[in-house]
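Worksheet for the structure shown next.
The values are calculated or read from the model by the stated rules, or taken from the named source; none is laboratory data. A quick note: this is a predicted structure, and the numbers were derived from the prediction, not measured. Quick reminder, even Gly has a Cβ in these numbers, built from the backbone with ideal geometry, and neighbours come from all protein chains shown. What goes into the accessible areas is simple: the full protein's heavy atoms, side chains included, and nothing from ligands, DNA or RNA. Shrake-Rupley method; radii C 1.70, N 1.55, O 1.52, S 1.80 Å.
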Amino acid sequence: MLCLIVFSSFTIIPLSADILIPMDNTQTNHLKAYGIAFAGLKEHLVGRWLLNYRGGSFLFPDSESLTALCNIRGVRYENVSSSDVAAILMEIQANNMESIALEKEPKIAVYIPPNALPWDDAVTMALDYAEIDYDRVWDDEVLGGKLPEYDWLHLHHEDFTGQYGKFYGSYRNTSWYQNDVRVNEAMAAKHNFAKVWQLKHAVAEKIRNYVINGGFMFAMCAATDTYDIALAAKDVDIVDAAIDGDGIDPQYQSKLDFSRTFAFENFTLRPNPYEYEFSDIDASDYSSLRGPEADYFQLFDFSAKYDPVPTMLTQCHTNVINGFLGQTTSFFKDKVKKSVIILAEVPGQNEVKYIHGNIGKGTFTFYGGHDPEDYQHKVGDPETILELHKNSPGYRLILNNVLFPAAEKKQLKT
């Protein structure tokens with residue numbers, strides 16, 4: 001921080017030494033503001049993420065192209081002088097705030113099947129709307145060893161158990177479901193797997209190694225619990241004969257190895273193909289009983305100086321956020337490992353919505369629910385128009401995760 005102050009003091013008669021992108025309620029477009037931060041990093045500008053300062057604001061050296069981009073995209077910014085910056089940094093030093101360097105834009109991969117399925121993906125919509133670059137990857141790229149080329153990997157509503165999202169009961173006769181089966185069976189055969197669940201378990205292992213070796217993994221909706229289920233059930237058949245043609249291993253529950261999972265333990269599987277649930281991790285039924293008017297979750301407060309990582313992930317202009325459903329909506333607290341950091345919970349309930357943890361050299365973050373601005377997104381519903389939700393706190397949490405790998409890393413102290 002001192003270096004930044006000294007650098008600013010040597011600027012020749014500055015009218016504005018830096019630009020501040022506020023992230024409090026004065027911001028006109030919170031979501032596109034993250035894209036501005038990424039654009040600054042692509043210009044090789046070293047920025048600062050001002051944790052807990054005005055909603056987690058961004059500070060960048062003054063740049064004509066960056067301010068022009070703010071104007072084009074409707075993002076509010078403020079010109080600040082070197083003395084203003086010094087005052088901001090003094091305020092940060094004296095309070096529960098921190099200034100974290102943003103050094104380099106992360107290379108992003110999103111795990112997306114090639115066949116178009118009848119639902120949207122909140123993360124790809126957020127990335128597209130914020131104008132942040134990403135690559136699409138699927139099983140070929142994962143099994144082919146491409147993941148180490150990326151800093152950040154997103155998984156959304158994918159089913160790593162090989163049960164096609166447990167849509168068998170309601171949608172097995174639809175063309176999109178049958179096409180999904182064909183595409184996945186062809187991919188399994190291509191990689192010499194007899195069953196789709198074997199392919200997905202192998203993909204889960206590759207992702208596990210990616211995280212252990214330093215990758216950042218973010219998952220939402222069914223990709224959260226199905227990923228851990230696949231890790232726990234490694235090489236064990238947990239798929240009903242109606243789906244894969246042969247029977248489940250009768251000892252499947254006792255063979256689960258919870259030491260291999262990222263976030264969850266002591267869960268019980270629900271292999272019935274007619275039940276729209278994978279296990280007893282998910283608390284969707286309780287959320288839906290509350291309904292959209294009463295369903296919300298609350299972010300935890302963290303010490304910015306001592307716990308910068310969870311502080312980064314919870315930056316927002318409000319700490320109470322409207323709930324939203326998904327195939328996996330939230331997680332029962334008693335199924336979450338004690339080593340996992342709870343970032344947000346449902347007040348007064350045994351439910352957590354947003355969790356984070358370390359695995360080897362990397363990290364994972366799980367965020368329950370499907371679309372933060374569509375309470376109950378159904379199969380075939382149209383995509384959410386983010387221009388109508390440009391200040392969405394629920395979508396902000398997604399974009400905190402995208403920006404997180406760009407930040408200067410500091411050791412978690414608690």
*asked:* Let me check the size of segment 136-219 from its C-alpha atoms; what are the radius of gyration and Dmax in Å?
replied: 13.6, 42
_Taking every DSSP beta bridge with both residues inside the chain, roughly what % is antiparallel (nearest 5)?_
70 percent
_Scattering curve values for segment 49-208, log₁₀ I(q)/I(0), Debye with Cα scatterers, q = 0.10, 0.12, 0.20 Å⁻¹_ = -0.58, -0.73, -1.30
*So what are the ³J(HN,Hα) numbers for segment 225-235, from phi and the Karplus equation (6.51, -1.76, 1.60; θ = phi - 60°), rounded to whole Hz, Gly and Pro as x?*
6, 5, 5, 5, 4, 4, 5, 5, 9, 2, 6
*Per 10 Å bin from zero, what fraction in whole % of the C-alpha pairs of the chain is there, up to the bin with the longest pair?*
5, 22, 32, 24, 12, 5, 1, 0
*Mean separation of Cα contacts under 8 Å (6+ apart) over length of segment 64-147, as relative contact order %*: 24 percent
*Given the pairs Lys42/Lys378; Lys361/Lys390; Lys206/Lys338; Lys166/Lys390, which span a C-alpha to C-alpha distance of over 27 angstrom in this model?*
Lys42/Lys378; Lys361/Lys390; Lys166/Lys390
*Could you do me a favour and compute the accessible area per residue for the chain, 1.4 Å probe, result in Å²?*
41 Å²
*Only helical DSSP H runs with n ≥ 4 go in: add -39500 (n - 2.57) per run for the chain, normalise by residue count and round the 222 nm mean residue ellipticity to 500 deg cm²/dmol.*
-9500 deg cm²/dmol
*Can you list the residues, at least 5 places off or on another chain, whose amide H is less than 5 Å from the amide H of Glu351, using H built in the peptide plane?*
Lys333, Val346
*Between Ala101 and Glu185, 0.36 nm times their residue separation minus their Cα-Cα distance comes to what?*
25.7 nm
*Once a ≥ b ≥ c are taken as the square roots of the eigenvalues of the Cα gyration tensor of segment 185-273, is the result rounded (a/c under 1.5), prolate (a/b larger than b/c) or oblate (a/b not larger than b/c)?*
oblate
*Give, in nm to one decimal, the length gained when the segment between Tyr286 and Ala94 is fully stretched (0.36 nm per residue of separation minus the Cα-Cα distance).*
65.0 nm
*asked:* Contact order normalised by length for the chain, with contacts defined as Cα pairs under 8 Å and 6 or more residues apart; what percent is it?
replied: 19 percent
*Does segment 274-371 classify as rounded, prolate or oblate by the C-alpha gyration tensor (a ≥ b ≥ c root eigenvalues; a/c under 1.5 gives rounded; else a/b over b/c gives prolate, otherwise oblate)?*
oblate
*In a shell of Cβ-Cβ distance under 12 Å around Leu153, excluding Leu153 itself, what net charge do Lys and Arg (+1) and Asp and Glu (-1) give?*
0
_Reciprocal of mean inverse Cα separation for segment 85-140 (Kirkwood radius, Å)_ = 14.8 Å
*Cα gyration tensor shape for segment 319-410, rounded if a/c is under 1.5, else prolate or oblate*: oblate
*asked:* For Lys107, what residues show an amide H to amide H distance below 5 Å, using hydrogens built from the backbone and excluding near sequence neighbours?
replied: Asp151, Trp152
*Would you mind calculating the gained length between Asn272 and Asn209 on full extension (0.36 nm times residue separation, minus the Cα-Cα distance), in nm to one decimal?*
19.7 nm
*Reachable lysines, given that their alpha-carbon falls under 22 Å from the alpha-carbon of Lys333 and they are not under 8 places away in the same chain*: Lys353
*Kirkwood hydrodynamic radius (C-alpha pairs) into Stokes-Einstein, segment 31-75, 25 °C and 0.890 mPa s, D in µm²/s*: 230 µm²/s
*Using the Karplus equation 6.51 cos²θ - 1.76 cosθ + 1.60 (θ = phi - 60°), what ³J(HN,Hα) coupling, rounded to whole Hz, does each residue of segment 339-352 give in order, writing x for Gly and Pro?*
6, 8, 8, 8, 8, 7, 9, 8, x, x, 10, 8, 10, 10
*Out of residues 5 or more away from Asp18 or on other chains, whose amide H comes under 5 Å of its own, with H placed 1.01 Å from N in the peptide plane?*
Asp62, Val80
